[in-house]
Amino acid sequence: MPAPRRPLIAGNWKMNGLGAEAEALATDLARRTWAVGAPAFELVLCPPFTLVARVAAAVAGSGIAVGGQDCHTEEKGAHTGDVSAAMLADLGCSFVIVGHSERRADHGEDDTLVKAKAEAALAAGLRAIVCIGETEAERHGGRTLATVAGQLDASLPVGAGAANTVVAYEPVWAIGSGLTPSAEEIQEVHAHIRGELAKRLGTDEAGGIRILYGGSVKPENAAALLTLADVDGGLIGGASLDAGGFWSIAESCV
Ligand code: PGA
């Protein structure tokens, strides 16, 4: 039997936030979590590198996890400006996002690099959130399923399993646009991803891997998009910067 999948709601703050507001946001979410006791969902906050330590301190003891938005493939060395997975773990992170489409576009990251980053994350004891998703042209060309299957095949880390890897399906055209696929389209892609995972890892392991949907998730559409059979939570960008909205998205998914 596949392990039950606890919904995961990840806040991707992107390049937003300065100290005081970030601390207020994280503290608000920690208070809400304490008030509930043991929520049915798991929360992870992924602030910019500069805020990781401050956010980790603000949520300490609440059960909220902290993650990075990227990591280098190497543990240390001559890579000016980069941050390693080991450094994130050292700051209290337990997750890291790799292969976000903004990094693929802004920094020319390809699947091979994303895979190496995910493997570095696993080696450092972090859980990797591996992002995949089709462009608008690929969607219109009927290549969505082939695109995500290809990205998954080339960017899934060696050693991936339910305990250390999360897949985030984020259609590039849905990110920050206010547009989303229909619920049926999202479920179709997620089921396809799970099928591809099963081919590589077996049905049980694939049945335990959490597959998040991301792209214009808001409190208004979260219940419809995040409770689908093969959707195990969300990767939330813009709406994760508001504590009340982010919390309401998390509550919608259980
Ligand atoms: P969005 O971003 O929720 O602002 O669309 C999602 C993401 O890029 O992770």
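Laboratory data are not the source of any read-out in this text; all were calculated from the coordinates shown. If you're wondering where the values come from, they're calculated on a predicted model, not measured in any experiment. Glycine also receives a Cβ, built like all others from the backbone with ideal geometry; neighbour counts cover every protein chain displayed.
Structure notes:
- Binned Cα-Cα distance frequencies in the chain - 10 Å width, integer %: 8, 34, 39, 18, 2
- Amide H contacts under 5 Å for GLU42, placed H, 5+ residues apart: LEU8, ILE9
- Using the empirical formula 2.2 N^0.38 Å as the baseline, the Cα radius of gyration of the stretch 1-129 reaches a ratio of 1.07.
- Ordering of 143-154, 177-188, 124-135 by packing [mean C-beta count within 10 Å, highest first]: 124-135, 143-154, 177-188
- Virtual spin-label span in nm between ALA191 and SER177, 7 Å along Cα→Cβ: 2.4
- Charge dipole magnitude, Cβ of K and R +1, D and E -1 - the chain, Cα centre, debye nearest 20: 440
- Euclidean distance of C-alpha centroids, the stretch 166-245 and the stretch 65-130, integer Å: 21
- Note on the chain: Lys pairs 8 or more places apart or on different chains, Cα atoms under 24 Å apart, count 8.
- The gain in end-to-end length when the SER94 to THR112 segment is fully stretched comes to 4.2 nm, 0.36 nm per residue minus the alpha carbon separation.
- Computing FRET efficiency as 1/(1 + (r/R0)^6) for ASP82 and ALA154, where r is the C-beta to C-beta distance and R0 is 30 Å, gives about 0.85.
- Across the stretch 133-143, coupling constants 3J(HN,Hα) worked out from phi with the 6.51/-1.76/1.60 Karplus curve, θ = phi - 60°, read x, 8, 7, 4, 5, 5, 5, 5, x, x, 10 Hz, and Gly and Pro carry x.
- One chain, two ends: GLU21 and LYS199. Fully extended at 0.36 nm per residue, the span grows by 59.7 nm beyond their Cα-Cα distance.
- Top of GLU102, GLU42, GLU196 by mean-square fluctuation, Gaussian network on the chain, Cα under 10 Å: GLU102
- Taking the chain and dividing mean pair separation by its residue count, relative contact order in percent (alpha carbons under 8 Å, at least six apart): 21
- Whole-Hz Karplus values for the stretch 239-251 come out as 6, 7, 8, 10, 4, x, x, 5, 5, 5, 4, 4, 5 Hz, taken residue by residue from phi with 6.51 cos²θ - 1.76 cosθ + 1.60 and θ = phi - 60°; glycine and proline positions read x.
- Each residue, THR227 and ALA38, gets one label point 7 Å from its Cα in the Cβ direction; the gap between the two is 2.3 nm.
- Amide H partners (placed H, <5 Å) of ARG210, local residues excluded: VAL167
- Amide H contacts of ILE236 (H built 1.01 Å from N, in plane; Pro and chain starts excluded): ALA10, GLY11, ASN12 sit under 5 Å, all sequence-distant by 5 or more or on other chains.
- Largest GNM mean-square fluctuation across ALA60, ALA206, ALA239, computed for the chain with C-alpha springs under 10 Å, falls on ALA60.
- Cα→Cβ-extended label distance, 7 Å offset, between HIS140 and GLU184, nm: 2.2
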